[in-house]
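Participant: Have a look at this one.
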Amino acid sequence: MIIHALFPQPVYFSKLARKLTKEELKTINKHKKKTYQNAGNTTSNDNYVLENKALKNLKKDLHKMVIDYFDKVVCSGNPLIPYITQSWINYTKVNQFHHKHFHSNSYVSGVFYINADKKVDQIKFYKTGNEAIQLHVAKYNLFNAATWQFPIETGNVLLFPSSLQHGVDKKKGTPTRISLSFNIFFKGKIGDNLKLTELVLK
């Protein structure tokens, strides 16, 4: 007997292979003073934080992982050039949360965890589509679960389709969980000329 995982959703896990520099941490800490109230936590007013000169090396490191994701997951026959669009920092204190959401106008989304503890911090993903029949589940697996959680820690980098719903339950423990989120789109030619689906994105 074989059970195939048909049309799975990719969640790419990696880790920044270095510690943040003092200059990078100083720049990130500056954003704590300029935030707005999100649905459950706070977010930096600056939503292009990776364009800051002090974070240019961090952006390069994250971009390498984006390229790896496109090479291993997307595997396009077209020469696509992925790039990071918007980027922002989320601050989640004890008992705060991050509402269930997905990212519009983006192809892939990413999260870099600046400060997180795998003992108490997780990210939750949600199965899309309505469940017409709901059964009592005795043992959860990737086929019957409506949600799935991953523990995360400082340095983790996650990449996943922007259409995949995700969120964070109420934060437990201290200190403040800090994450840098970013969206990814691409340049290049997509579709097929003969099938009349060709589109050039510049």
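Participant: From 193, 183, which residue is within 26 Å of residue 70 (Cβ to Cβ) and without any contact (Cβ under 8 Å) to a residue 12 or more places away in the chain? I'd like the intermediate steps shown before the answer.
Facilitator: Numbers: 183 fails: without any contact (Cβ under 8 Å) to a residue 12 or more places away in the chain.
Only one candidate qualifies: 193.
Participant: Now, a different point. Taking strands (runs of 3 or more DSSP E) that fall entirely within the range 35-101, which contain at least 2 residues that are touching a helix residue (DSSP H, G or I) at 6+ places or on another chain (Cβ under 7 Å)?
Facilitator: On the way: elements: 35-37, 42-44, 81-92, 98-101.
In the range 35-101, 81-92 are the strands (runs of 3 or more DSSP E) which contain 2 or more residues that are touching a helix residue (DSSP H, G or I) at 6+ places or on another chain (Cβ under 7 Å).
Participant: While we're looking at this one, here's another question. In the range 113-147, what count of residues is obtained for those that are modelled with pLDDT under 95 and either in contact with a Phe, Trp or Tyr (Cβ under 6 Å, 6 or more places away or on another chain) or crowded, with 18+ Cβ neighbours inside 10 Å (or both)?
Facilitator: Count: 1.
Participant: Still on this structure, please answer the following. For the range 119-168, how many residues are part of a strand (DSSP E or B) and under 20 Å from residue 100 (Cα atoms)?
Facilitator: The number of residues fulfilling the criteria is 18.
Participant: Go over the candidates 158, 58 one by one and state the one that is within 30 Å of residue 188 (Cα to Cα), in contact with a Gly (Cβ under 7 Å, 6 or more places away or on another chain) and either modelled with pLDDT under 95 or of a type outside the set (Gly, Ala, Ser) (or both).
Facilitator: 158
Participant: Filter the range 70-92 down to residues that are of a type outside the set (S, T, N, Q) and closer than 21 Å to residue 154 by Cβ, then give me how many there are.
Facilitator: Within the range 70-92, the subset of a type outside the set (S, T, N, Q) is 70-75, 77, 79-84, 88-89, 91.
If we keep only those that are closer than 21 Å to residue 154 by Cβ too, we end up with 84, 88-89, 91.
Total meeting the criteria: 4.
The values are calculated or read from the model by the stated rules, or taken from the named source; none is laboratory data. In this text the structure is predicted, and so the values were computed from the model without any measurement. Cβ atoms come from the backbone with ideal geometry, glycine included; neighbour counts cover every protein chain shown.
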